[in-house]
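Input: a single structure, listed below in structure tokens.
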């Protein structure tokens, strides 16, 4: 029992560390693209100033960088469907840092019964879940003529299964634990033009 609890804590810590690294990388690349000068660096912040991240001498406002990248007039909804509670708690936080709205569901049935089915710009689906699997959910969505982009996540590292999911129409299939940069790249493919 203690080992199980410790493993969940370790997973959350790992997700948090990966989130920080990915955000720093994204902001660094965005800052270079936008051409921020090193003179824009903030050496000290007063108590009323918003916290800006400084990476390699550049200053960034994360929300505006992601909003510019995706040209968002409105926040896009990304739905996460995973039976693992730690994923349902941590992934929406990361998506929020990327500038997206998100909703998390513990099963495919919960997602199908929600109003998010018609509002989601992208789905992040676990492959192996009790009841309806992620692949079965993808097929059900296609049967209903709902062509929302899907990013699969899975702990079962099988290149053959990954290839089949991509053939079935998934944007990407990421193996757990995955980094934030591959997730952001998959989201760019899924919603870049929206």
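The values are calculated or read from the model by the stated rules, or taken from the named source; none is laboratory data. No experiment lies behind these values; they were computed from the predicted model shown. All Cβ positions, even for glycine, are placed from backbone atoms using ideal geometry, and neighbour counts span all protein chains on display.
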Inset, instruction - Could you check residue 131 against (1) surrounded by 19 or more Cβ atoms within 10 Å (Cβ to Cβ); (2) free of Cβ contacts under 8 Å to residues at least 40 places away in the same chain; (3) more than 18 Å from the chain's Cα centre (by Cα) and say which number it fails? - result: (1)
Inset, instruction - Could you please let me know if residue 173 is buried (at least 20 other Cβ atoms within 10 Å of the Cβ), farther than 14 Å from residue 79 by Cβ and in contact (Cβ under 8 Å) with a residue 12 or more places away in the chain? - result: yes
Legend entry - helices (runs of 4 or more DSSP H) enclosed by segment 29-124 - at least 3 residues per element that are touching a helix residue (DSSP H, G or I) at 6+ places or on another chain (Cβ under 6 Å), at pLDDT 50 or above and farther than 18 Å from residue 150 by Cβ: 85-97
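Right, residue 159: more than 17 Å from residue 120 (Cα to Cα) and without any contact (Cβ under 8 Å) to a residue 60 or more places away in the chain or not? Steps first, answer last, please.
Working: more than 17 Å from residue 120 (Cα to Cα): yes; without any contact (Cβ under 8 Å) to a residue 60 or more places away in the chain: yes.
So residue 159 fits the description; yes.
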Inset, instruction - Would you mention how many residues in segment 96-112 are buried (at least 21 other Cβ atoms within 10 Å of the Cβ), closer than 19 Å to residue 192 by Cβ and either free of Cβ contacts under 8 Å to residues at least 60 places away in the same chain or over 10 Å from the mean Cα position of the chain (by Cα) (or both)? - result: 1
Inset, instruction - Would you be able to tell me the number of residues in segment 141-153 that are closer than 15 Å to residue 165 by Cβ and assigned to a helix (DSSP H, G or I)? - result: 2
